[in-house]
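The next block holds one structure in the form of C-alpha cells; read it before the comments.
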Amino acid sequence: MKKLPDSALNPLLKLDNQLCFSVYALSRLITKAYQPLLENLDVTYPQYLVLLLLWEHEELTVKQLGEHLLLNSGTLTPLLKRMEQRQWLSRRRDARDERSVVVALTPAGRALQAQAAHIPVRLAEKMQLTEPEMAGLRTQLRQLMTLLS
C-alpha cells in the first residue's frame, strides 16, 4: 500500500490526533498497571471493580452492578459466578422481585478489602500523580462520560 505524503493527509484523521485512541491506550495501560497489584489478591481487574462496588454498598442487584460498571448481565453473570465459586460473594433472588438477583459480599469478600487498601496508593505512585491531580482527572473524565452517555 502506497503511503500518502503528510501534506495530503487530513490531520483530523491521524491516529495521534484521536482522543478515543489516547483514552483506549491509557485504559489498557492502567489495567496492565493494576495486574501485579491484583495478583497478590488473586483477583482480576473486572473482579476488583465488582468488589469495589460491593465494599461500598455491601449488596447490589446485578442490574445495579451493570449500571455502575457499564456492563450487561451477559458479561456480568459469568464473572459473578466465578466470584461466587471463590466464596467472595453470594447471589440470591430478590424476595420483592423474583426477576432480580441480589449480589452480596461474604466474609471472605469483605476480608479482601483490607488486603486491597494499598492498591489505589500504589497506582497513584506509579502514575506519579498527586491526589489533587487524580481528583481533577477523574472529574474531567466523568464530565466526558456524562456528555457521551
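So if I check each of Leu29, Leu9, which one is out of contact with any helix residue (DSSP H, G or I) (no Cβ under 6 Å at 6 or more places or on another chain) and modelled with pLDDT of 95 or more? Leu29 is the lone residue from the list that is out of contact with any helix residue (DSSP H, G or I) (no Cβ under 6 Å at 6 or more places or on another chain) and modelled with pLDDT of 95 or more. The lone criterion from (1) part of a strand (DSSP E or B); (2) surrounded by fewer than 17 Cβ atoms within 10 Å (Cβ to Cβ) left unmet by Arg82 is number (1). Close Cβ contacts (under 6 Å, 6 or more residues apart or on different chains) running from residues in region 69-87 that are in the same structural domain as Leu51 (by TED's automatic domain parsing) and farther than 27 Å from Thr146 by Cα to residues that are surrounded by 15 or more Cβ atoms within 10 Å (Cβ to Cβ) and β-branched (Val, Ile, Thr) comprise Gln87/Thr106. With respect to Asp16, determine if the residue is outside the structural domain of Asp97 (by TED's automatic domain parsing) and farther than 19 Å from Arg142 by Cα. When the stated conditions are applied, Asp16 passes them.
Just one residue in the set Leu70, Leu141, Leu123 is on the phi > 0 side of the Ramachandran plot and within 16 Å of the chain's Cα centre (by Cα); that residue is Leu70.
Of all the listed residues (Arg110, Arg91), the sole one being at pLDDT 95 or above, part of a helix (DSSP H, G or I) and surrounded by 11 or more Cβ atoms within 10 Å (Cβ to Cβ) is Arg110.
State whether one or more residues within region 35-47 are within 26 Å of Leu148 (Cα to Cα) and crowded, with 16+ Cβ neighbours inside 10 Å.
Our first condition is that a residue be within 26 Å of Leu148 (Cα to Cα); within region 35-47, this holds for 45-47.
From what's left, crowded, with 16+ Cβ neighbours inside 10 Å: 46-47.
Taking every residue of region 35-47 in turn, at least one turns out to be within 26 Å of Leu148 (Cα to Cα) and crowded, with 16+ Cβ neighbours inside 10 Å.
Does region 1-19 include one or more residues that are over 22 Å from Val121 (Cα atoms) and in contact with a Ser or Thr (Cβ under 9 Å, 6 or more places away or on another chain)? Yes, there is a match, as at least one residue in region 1-19 is over 22 Å from Val121 (Cα atoms) and in contact with a Ser or Thr (Cβ under 9 Å, 6 or more places away or on another chain). Criterion applied to Ala25, Ala104, Ala95, Ala108 was being of a type in the set (Gly, Ala, Ser) and in contact (Cβ under 8 Å) with a residue 40 or more places away in the chain, and the one residue passing it is Ala104. Taking region 14-54 as the range and being of a type in the set (Asp, Glu) and farther than 26 Å from Lys81 by Cβ as the test, only Asp16 passes.
Listed residues Leu41, Leu65, Leu60; which is within 29 Å of Val121 (Cα to Cα) and either in a helix (DSSP H, G or I) or without any contact (Cβ under 8 Å) to a residue 40 or more places away in the chain (or both)? Going through Leu41, Leu65, Leu60 in turn, the sole match is Leu65.
The values are calculated or read from the model by the stated rules, or taken from the named source; none is laboratory data. These figures come from a predicted structure and were not determined experimentally. All Cβ positions, even for glycine, are placed from backbone atoms using ideal geometry, and neighbour counts span all protein chains on display.
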